[in-house]
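Undergrad: The structure is given below, and queries will be raised subsequently.
The values are calculated or read from the model by the stated rules, or taken from the named source; none is laboratory data. Fair warning: this is a prediction, and the values are worked out from it, not measured in the lab. Cβ: placed from backbone, ideal geometry, glycine included. Neighbour counts: every protein chain shown.
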Amino acid sequence: MLGTQLAVLSAGTPVGLTDALDVVAGFDEALTAGFARVGEPGAAALAALAGALAGTPLGGTVADAVGKVTAGSVAEEHLAALAGARSALLGAAHDTLLGQFDTALGRTRTAWSAAPAGPAEDDVAHLLAGARAWLHEVAVTGWRGVDHELLAAAGAQVEALLPVPALRRLAVLLDGLAAELRASVPVGTMPQVPARRWADLWARGMLLAQAPPAGAGPTDVERISGRLLPLGADVHEHDTAVQVQVHGILEPADGSPPRLVRTAVGAAKVDTIVGPAVWQLLQTRPVLLAALAQRRGLTVTELPVRGGDLFWHDDLIRLDGPADPFATARVLLPAAVAAATAPLDRHPVGIAEPVLLEGYTVRDDDGSPVLELDGHRIAVAVDRLPACGPLTPELVAASSACLGLVRWDDDRWLVQPLAVQATVKRRTTAAHNGDWAEGVTDAKVAKAGARSGDVVAVLRERAGRLLRK
């Protein structure tokens, strides 16, 4: 990423973006109060949402839903329309921002295509109906009215959804939302509710819980072979789950242009498993962990891919030779083709574009680090550095090269480091988020972990005793 590219990226906020986000914020406030009895501010916010969608194919459906909800008739189909309208506005904001990014970096992106999908089977439809019913109750009650009785009902829905692979994404979402709400009860006493985050989860859940209509399915799943070169690992950690998302570049065996791809593996967890211990939950993926820890490439054979997302299958992947992520980025990243974003994933917070920055200076901006390149600046998301890897704010501050993900957050562009090159004790060293995937390599951290004990091993032993009983 060059200074001129950074200048184009930070040139200004796209026209209409602020207005769209204001409409979404108004809806989120109405959802906070609940739709059981919509007051004057809530009615105005819903009317603004309908007005924003008036010129779109959703216009009539959203206007009808707003009228019914404002009048006190809150049916599931009306809430689905409101969730769709909110997601459409955020999707438009996502497309605008991603367009600004692609223009700045000259990144090529494929177009989205859809393949037909049949309706849900009866047993799956029944489970989806249960999830919609719970989300309906949440919306009617509002965040301020959530209590333990309502949250207890979520447990049964999650338990029913988890055994079905196709519904696991919805199950994890509902579980996470319920856990956050449970930790915040009584929500009514909170000085400030995370309205945007909870509304994001609610709207995504409501859309995931809809039965897929014919002709509105995901993109085709294709099979691809070639060499996968990891760029870095982005660790998403929650009290009840952890996911490692690996961004990389795939060189197809057929000689077509290199492709920007990502793959993700995850596991359920408890809140006591934190830091480097989370890697132990992913030991069923030894090839991926070895590629991250040893900085090696991978050879994939007929691996399923949907858009830019690779479906990880150990039996279709084998370790290849050494592959320095910084060298990969320097040679292949400028010409790599990015995939279009799936419709349900179109949201500004979902933007995570791999970039390489070099030759910058790290500055302090009111206590927060920024990278300055040719007089232009971009903030650094040090709060996103995972505790399961060696990257620290101090290493970032001493760095001269950074492999990271460009994101949009808090109305600005920022970069989330996945790896840095820094000078430590007059030696240039590289640190990556995935360096500890096969075990901690820092002696001090390893010693501290040994003193605290192996949490995962203890929990597994206790679980084994319970099962034997």
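For (1) surrounded by fewer than 18 Cβ atoms within 10 Å (Cβ to Cβ); (2) among the small types (Gly, Ala, Ser); (3) in contact with a Cys (Cβ under 7 Å, 6 or more places away or on another chain), each residue gets a yes or a no:
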| site | (1), (2), (3) |
| --- | --- |
| GLY39 | yes, yes, no |
| ALA43 | yes, yes, no |
| LEU46 | no, no, no |
| LEU49 | no, no, no |
| THR56 | yes, no, no |
| VAL62 | no, no, no |
| VAL69 | no, no, no |
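Undergrad: Also, I was wondering about something else. Residues of segment 331-346 being surrounded by fewer than 19 Cβ atoms within 10 Å (Cβ to Cβ), outside any helix (DSSP H, G or I) and under 14 Å from the mean Cα position of the chain (by Cα), which ones?
TA: Within segment 331-346, ALA342 is the sole residue that qualifies.
Undergrad: Scan segment 284-310 residue by residue and report those that are in contact with a Leu (Cβ under 7 Å, 6 or more places away or on another chain) and at negative phi.
TA: Listed by number, the residues that qualify are VAL287, LEU289, ALA290, ALA291, ARG296, GLY297, LEU298, VAL300, THR301, LEU303, GLY308, LEU310.
Undergrad: Scan segment 1-31 for residues that are touching a helix residue (DSSP H, G or I) at 6+ places or on another chain (Cβ under 8 Å) and of a type in the set (S, T, N, Q) and report the count.
TA: Total meeting the criteria: 1.
Undergrad: Condition test on GLY42, is it in contact (Cβ under 8 Å) with a residue 12 or more places away in the chain and outside any loop (DSSP other than H, G, I, E, B)?
TA: It is true that GLY42 is in contact (Cβ under 8 Å) with a residue 12 or more places away in the chain and outside any loop (DSSP other than H, G, I, E, B).
Undergrad: Scan segment 376-406 for residues that are under 19 Å from VAL355 (Cβ atoms) and either at pLDDT below 90 or acidic (Asp, Glu) (or both) and jot them down.
TA: Within segment 376-406, ASP383 is the sole residue that qualifies.
Undergrad: Then there is this: If I go through segment 385-421 residue by residue, how many of them are outside any strand (DSSP E or B), within 19 Å of HIS94 (Cβ to Cβ) and in contact (Cβ under 8 Å) with a residue 60 or more places away in the chain?
TA: 1
Undergrad: Pick from LEU282, LEU303, LEU289, LEU319: which is over 17 Å from ASP435 (Cα atoms) and not assigned by TED's automatic domain parsing to the domain that holds ARG197?
TA: Answer to the selection: LEU303.
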